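Asker: Sharing a structure here in structure tokens format.
The values are calculated or read from the model by the stated rules, or taken from the named source; none is laboratory data. Please read all numbers here as calculations on a predicted model, not as lab measurements. Cβ placement follows ideal geometry from the backbone for every residue including glycine, while neighbour counts extend to all protein chains displayed.
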Amino acid sequence: MRVIYWTKMQLAKAQLIEKLGSVPGTELVVAATLPEALAAMPGAAGIVLYDAPPEEARQIIDVLKSPGNTVRWMHFCSAGREGFDAVGIPPGIAVTYAAGGASPAVAEHAMALLLSVGRRIPESLVQQAERKWDRAPAARSSSLEGRTMAIIGYGNIGREIAKRARGFGTKLIAVSRSARKDELVDEAAPLSSLHEVLGRADVVVIAIALTDETHHLLDAAALAACRKGVLIVNIARGGVIDQAALCEALKSGQVGGAGLDVTDPEPLPADDPLWACPNLLITSHYAGAGSPATLRRLAEGAADNLLRFSKGEPLLNQVSG
């Protein structure tokens with residue numbers, strides 16, 4: 001059975017090749033480029049891949065929709081698949097994903113961004129570069145102890161953030177479509193009450209999937225509903241925040257600081273106004289990196305589903321098909 005692994009991202013590449021190639025009866029094709037992946041699709045039974053922009057995803061989808069398509073299983077190693085959802089994965093394709101594979105590392109990164117902007121580390125780095133000793137940032141710094149954190153989106157990543165945030169003495173409110181209760185949080189609220197929750201939160205961490213419903217979920221009105229000086233961290237997708245509105249809120253002080261691992265678009269253009277916003281820390285979408293445990297989970301999860309697929313057994317973390 002031929003299975004394609006399109007190595008669009010390097011995360012867990014060696015581990016995925018090893019684990020996928022060890023599944024009995026598998027002819028693994030490692031495609032370094034999109035044209036290589038497309039060329040290997042005729043006759044293939046499955047494809048393991050990461051999300052891609054709609055213009056690239058569409059080329060994969062076009063093959064899946066062709067009369068001679070043999071691919072019946074897609075496994076995403078990324079947390080999201082917005083590019084493919086935007087162009088429409090055809091029915092009859094089993095779609096699975098790496099549920100929680102990188103969640104602990106992403107949650108660590110969210111806390112790193114939050115602590116950095118709260119303790120005014122970006123300002124201190126500027127001072128360090130200037131060899132300047134100035135305690136002025138102390139008056140603008142904040143602690144998490146006794147503060148209220150709203151976690152917007154409470155899936156695998158949101159829950160891992162809650163685990164880590166509890167150790168800092170924060171009150172936790174989980175905001176999700178289902179308002180699912182959980183022993184790690186003090187309160188669960190529906191997405192429909194977002195603005196009310198924002199008015200009570202000192203810290204907002206965004207971990208919700210990007211959909212038509214959540215595009216610019218944090219727009220100018222939502223940011224105005226926040227407590228003045230709120231800290232915001234986004235490790236979900238850039239499109240969840242209206243970046244122009246965020247920039248204005250940072251300049252006015254309505255938002256006291258923000259940490260972004262994701263932007264819209266990516267890469268963020270060098271002339272984008274976001275780069276110059278005060279007390280803003282931007283990292284280049286690498287929150288899931290740095291953990292050997294993540295690499296192991298991503299590889300083992302893909303290989304486990306490949307084995308199940310080859311045996312006709314129920315797949316894990318299946319979202320469609």
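Asker: Take the conditions assigned to a strand (DSSP E or B) and touching a residue at least 40 places away in the same chain (Cβ under 8 Å) and apply them to residue 197. Does it pass? Let's see the steps before the verdict.
Answerer: Values: assigned to a strand (DSSP E or B): no; touching a residue at least 40 places away in the same chain (Cβ under 8 Å): yes.
No, not satisfied.
Asker: Going by what's in this entry, would residue 96 be described as farther than 22 Å from residue 284 by Cβ, surrounded by fewer than 19 Cβ atoms within 10 Å (Cβ to Cβ), among the polar types (S, T, N, Q) and assigned by TED's automatic domain parsing to the domain that holds residue 6? Working first, answer last.
Answerer: Details: farther than 22 Å from residue 284 by Cβ: yes; surrounded by fewer than 19 Cβ atoms within 10 Å (Cβ to Cβ): no; among the polar types (S, T, N, Q): yes; assigned by TED's automatic domain parsing to the domain that holds residue 6: yes.
Against the criterion (farther than 22 Å from residue 284 by Cβ, surrounded by fewer than 19 Cβ atoms within 10 Å (Cβ to Cβ), among the polar types (S, T, N, Q) and assigned by TED's automatic domain parsing to the domain that holds residue 6), residue 96 does not qualify.
Asker: At least 1 residues that are at pLDDT below 95 and under 21 Å from residue 9 (Cβ atoms) in each: list the helices (runs of 4 or more DSSP H) lying fully within region 59-157 that qualify.
Answerer: Ranges flagged: 82-87.
Asker: Which of the numbered conditions does residue 236 fail, given that it passes all the others? Conditions: (1) of a type outside the set (Ser, Thr, Tyr); (2) touching a residue at least 60 places away in the same chain (Cβ under 8 Å); (3) over 24 Å from residue 166 (Cβ atoms).
Answerer: Going through the list (1) of a type outside the set (Ser, Thr, Tyr); (2) touching a residue at least 60 places away in the same chain (Cβ under 8 Å); (3) over 24 Å from residue 166 (Cβ atoms), residue 236 breaks only (3).
Asker: Could you figure out which of (1) touching a Ser or Thr at 6+ places or on another chain (Cβ under 6 Å); (2) in contact (Cβ under 8 Å) with a residue 40 or more places away in the chain isn't true of residue 13?
Answerer: Of (1) touching a Ser or Thr at 6+ places or on another chain (Cβ under 6 Å); (2) in contact (Cβ under 8 Å) with a residue 40 or more places away in the chain, only one is false for residue 13: (2).
Asker: Of the conditions (1) more than 27 Å from residue 2 (Cα to Cα); (2) modelled with pLDDT under 95; (3) assigned to a strand (DSSP E or B), residue 319 satisfies every one except a single condition; which number is it?
Answerer: Condition not satisfied by residue 319: (1).
Asker: If you don't mind, another one. Regarding residue 173, is this residue under 23 Å from residue 119 (Cα atoms), buried (at least 17 other Cβ atoms within 10 Å of the Cβ), among the hydrophobic types (A, V, I, L, M, F, W, C) and at pLDDT 95 or above? Let's see the steps before the verdict.
Answerer: Values: under 23 Å from residue 119 (Cα atoms): yes; buried (at least 17 other Cβ atoms within 10 Å of the Cβ): yes; among the hydrophobic types (A, V, I, L, M, F, W, C): yes; at pLDDT 95 or above: yes.
Against the criterion (under 23 Å from residue 119 (Cα atoms), buried (at least 17 other Cβ atoms within 10 Å of the Cβ), among the hydrophobic types (A, V, I, L, M, F, W, C) and at pLDDT 95 or above), residue 173 qualifies.
Asker: May I ask you to list pairs of residues, at least six apart or on different chains, whose Cβ atoms are under 7 Å apart, with the first in region 181-194 being charged (D, E, K, R) and the second being part of a strand (DSSP E or B)?
Answerer: 181/188; 182/174; 182/188; 186/171; 186/172; 186/173; 187/173
Asker: Among 209, 189, which is the only one that is surrounded by fewer than 23 Cβ atoms within 10 Å (Cβ to Cβ), at pLDDT below 95 and not polar (S, T, N, Q)?
Answerer: On the way: 189 fails: at pLDDT below 95.
Exactly one of 209, 189 is surrounded by fewer than 23 Cβ atoms within 10 Å (Cβ to Cβ), at pLDDT below 95 and not polar (S, T, N, Q), namely 209.
Asker: May I ask you to list pairs of residues, at least six apart or on different chains, whose Cβ atoms are under 8 Å apart, with the first in region 24-43 being in a helix (DSSP H, G or I) and β-branched (Val, Ile, Thr) and the second being at pLDDT below 95 and surrounded by fewer than 18 Cβ atoms within 10 Å (Cβ to Cβ)?
Answerer: none
Asker: How about region 215-268: which of its residues are touching a strand residue (DSSP E or B) at 6+ places or on another chain (Cβ under 9 Å), farther than 17 Å from residue 202 by Cα and in a loop (DSSP other than H, G, I, E, B)?
Answerer: Hits for region 215-268 are 216, 217, 219, 235, 236, 237, 242, 261, 262, 263, 264, 268.
Asker: Next question, about the same structure. Six or more apart or on different chains, Cβ atoms under 8 Å: show the pairs whose first residue is in region 292-306 and in contact (Cβ under 8 Å) with a residue 24 or more places away in the chain and whose second is charged (D, E, K, R).
Answerer: 299/18; 299/19; 300/19; 302/19; 303/19
Asker: Just give me the residues in region 281-308 being within 20 Å of the chain's Cα centre (by Cα), among the hydrophobic types (A, V, I, L, M, F, W, C) and surrounded by fewer than 21 Cβ atoms within 10 Å (Cβ to Cβ), in sequence order.
Answerer: 281, 282, 289, 293
Asker: Among the basic types (Lys, Arg) and surrounded by 19 or more Cβ atoms within 10 Å (Cβ to Cβ) - does that describe any residue in region 49-72?
Answerer: To start, the set of residues in region 49-72 that are among the basic types (Lys, Arg) comprises 58, 65, 72.
Imposing the further condition that a residue be surrounded by 19 or more Cβ atoms within 10 Å (Cβ to Cβ) reduces the set to none.
Within region 49-72, none of the residues are among the basic types (Lys, Arg) and surrounded by 19 or more Cβ atoms within 10 Å (Cβ to Cβ).
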